[in-house]
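Here's the structure, in structure tokens; my notes come after.
The values are calculated or read from the model by the stated rules, or taken from the named source; none is laboratory data. A quick note: this is a predicted structure, and the numbers were derived from the prediction, not measured. All Cβ positions, glycine included, derive from the backbone under ideal geometry; neighbour counts span all protein chains shown. What goes into the accessible areas is simple: the full protein's heavy atoms, side chains included, and nothing from ligands, DNA or RNA. Shrake-Rupley method; radii C 1.70, N 1.55, O 1.52, S 1.80 Å.
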Number of protein chains: 2
Amino acid sequence: MDLTEYCISSNTVAADGVFSVKRDLVRLPNGNTSHRDYVTHPGAVLIVPILSNGNVVLERQFRYPLHQVFIELPAGKIDANEEVLTTGQRELLEETGYTAKDWVKLGIQHPCIGYSNEVIHTYLATGLIAGAHQRDEDEILETFEVSLADCLTMIQHGEITDSKTIVALFLTEKYLQSHG
Amino acid sequence: MDLTEYCISSNTVAADGVFSVKRDLVRLPNGNTSHRDYVTHPGAVLIVPILSNGNVVLERQFRYPLHQVFIELPAGKIDANEEVLTTGQRELLEETGYTAKDWVKLGIQHPCIGYSNEVIHTYLATGLIAGAHQRDEDEILETFEVSLADCLTMIQHGEITDSKTIVALFLTEKYLQSHG
């Protein structure tokens, strides 16, 4: 069966903020029409930085929509015309101060397929060299390190609930199992 | 360090669609002010239905924001004043036709902490009894079944990229490893 929904018309509902929201009129596979509201997002890169001692570099950051501090991996939006790998290198340096010699793409993930077009490119970064972070004044977060095994336990115990971070740690576990 | 951001004022930017978007003026930990835009969402329930032959019931659904068919687990929004488990039972029946005798909560996940307050409650459902689905005319999807091992391979091969589905399958793998 062709499950495709086709755009009839598209309107931007709100666009003055960090992201914009679109409302499209669409034709469904059964011939009916419906509305689809969704966030448009430039895409993001998520990095799993692993130190030579095997520990993962994590962050604690307050996330306003949920009024809660989350444990998460470094990540950030792709700038206009920026290569995805460049975004990863830039965000890792800005947020944590680390530069990495070796980058492996673990895959992509789609965090919110119901109402956002965001795609998150996920990288493993090793061969880390510590330096000074380049967070701007209003980018407030803390970094810390935990073994991968402990990360996986923290997921099972509900201490890590950020979906993008869980997916990236899962992909890392599987990658290291098959690549040693 | 207190990483908390405090609300100064809150405005609804767009609210006529499936979700609403808020723009809040907030005070940052360093005393500066900034804006936070985010989607408000009622929360959702995701179900990992496992048949007596060990296969997982999956869905294929076209997701308009990404113009792509995704492989995903059954899930749906929590209705007003609805118990979370009731949402899971209702959505499983509506989308797949199955009712389940045994429900285990695997945890919660937050799919989009940067710009949505959505929380997804994740359940394992076993003791399945097949019946007729109750999808409405415009809810167009296909169901199929795959072993859990094959699901995990499909994640590693990039055939499953929906974050909520990957997280739920990861939690299922870990749960079954420890509960047998």
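Structure above, values below:
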quantity	calculated
Interchain or long-range residues, amide H under 5 Å from B:I160's placed H	B:I155
Angle between chain A longest axis and helix A:163-179 axis [Cα atoms, degrees, rounded to 10]	60 degrees
Highest-first arrangement of B:129-140, B:98-109, where packing means the average Cβ count within 10 Å	B:98-109, B:129-140
Angle between chain A longest axis and helix A:84-96 axis [Cα atoms, degrees, rounded to 10]	50 degrees
P(r), alpha carbons of the protein assembly as shown - 20 Å bins starting at zero, rounded %	28, 59, 12
Most mobile listed residue (B:G127, B:G88, B:G31) in chain B, GNM with C-alpha springs under 10 Å	B:G31
Proximal lysines relative to B:K22, as straight alpha-carbon distance under 27 Å, when same-chain residues fewer than 8 apart are discounted	A:K22, A:K77, A:K164, B:K77, B:K164
Computed magnitude of the charge dipole of the protein assembly as shown (debye, nearest 20; Cβ of K, R +1, Cβ of D, E -1)	160 debye
Under-5 Å amide H pairs with A:F70, H placed in peptide plane, nonlocal only	A:Q61, A:F62, A:R63
Other-chain or far-sequence residues with amide H under 5 Å of B:V48's (modelled H)	B:Y123, B:L124, B:A125
Most positive-pole-ward Cα, B:L85, B:P49, B:P29, against dipole of chain B from beta carbon charges	B:P29
Accessible surface buried upon A-B contact (total; probe 1.4 Å; Å², nearest 100)	6000 Å²
Difference of contour (0.36 nm per residue) and Cα-Cα distance, B:R60 to B:S34	5.3 nm
For region B:21-130, size of Cβ-based charge dipole, Lys and Arg +1, Asp and Glu -1, in debye	360 debye
Cα→Cβ-extended label distance, 7 Å offset, between A:L85 and A:I8, nm	4.5 nm
